């Protein structure tokens, strides 16, 4: 009875999520997941659908990604495992309209995702905002060890988070190049599918699309479920998030 009720609610939510769309919900989710998972352009995906006899314009695909990438991130966020208490923080460069912007990211020592934030600048205010976003999301789970690079903005950002009550205790802050290699490798994993020529066209586009890239990386890493974690099972979980039965069979 409970499972039936949950399934009914998911189906009802799916109707609201895709109301007004001219294509089936499963096809939309599949197209968005392709773009976020693989280094494909919108025109590449347009051709993939043409091979299957479906005409979907690349501009339509772009609208789908901007609409559903943040929604995928929101739905998958609930499946993430709590971090282990020892986290690494770093920022990487993202090109937006020909200018460099900064993506702050945090993972724990096991590689599990903690949080991310795209900012226009790399300064103390940006670091403070990232700490607020990261710690407010999980107020009962504060890190006791924080690893960063040598950027001077991190120590005062940690002090500010402690003063604001976001950290119940002052964590151990360490700066070491060796331990930062893990998050630097993780940057590559989330950036591999991003636009390679010219970058993003606007900050709004970058912010919404990066939500999807991050969420797809969470999905690929897994959420601690037992057994194999194939692409088929990943797509099945994605389908569950939208009240769909299958999203990988077209």
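Computed from the coordinates by the stated procedures, all read-outs in this text should not be read as laboratory data. Here the structure is a predicted model, which is why all the values come from computation and not from measurement.
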Original post:
Remind me, relative contact order of the range 61-125 in percent, using alpha carbon pairs under 8 angstrom and six or more residues apart?
Top reply: 24
Original post:
In degrees from 0 to 90, rounded to the nearest 10, what is the angle of the helix 42-51 Cα long axis to the longest principal axis of the chain?
Top reply: 30
Subject >> On Cα atoms only, tilt of 25-37 relative to the major axis of the chain in degrees >> reply: 40
Original post:
Highest GNM mean-square fluctuation, the chain, Cα pairs closer than 10 Å: which of 126, 78, 31?
Top reply: 78
Subject >> Angle between the chain longest axis and helix 231-241 axis [Cα atoms, degrees, rounded to 10] >> reply: 90
Original post:
Over the range 14-124, what lengths in whole Å, largest first, do the semi-axes of the equivalent ellipsoid take, defined as the square roots of 5 times the eigenvalues of the alpha-carbon gyration tensor?
Top reply: 31, 19, 13
**OP:** Over the range 86-191, calculate the relative contact order: mean separation of alpha carbon pairs under 8 Å at least 6 apart, over the residue count, as a percent.
**Re:** 28
Original post:
What number, rounded to the nearest 500 deg cm²/dmol, is the helix-based mean residue ellipticity at 222 nm of the chain, given -39500 (n - 2.57) per DSSP H run of at least four residues and division by all its residues?
Top reply: -16500 deg cm²/dmol
Original post:
Considering only DSSP beta bridges with both partners in the range 86-191, what is the antiparallel share in %, to the nearest 5?
Top reply: 70
Original post:
Using only Cα atoms, what is the ratio of the radius of gyration of the range 86-191 to 2.2 N^0.38 Å?
Top reply: 1.01
Original post:
Based on DSSP, what percent of beta bridges with both residues in the chain are antiparallel, to the nearest 5?
Top reply: 65
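Write down the percent of antiparallel bridges among all DSSP beta bridges whose residues are both part of the range 30-153, to the nearest 5.
On the way: 16 of 19 bridges.
Roughly 85 percent of the beta bridges in the range 30-153 run antiparallel, per DSSP.
How high is the relative contact order of the chain, in percent, with contacts defined as C-alpha pairs under 8 Å that are six or more residues apart?
27
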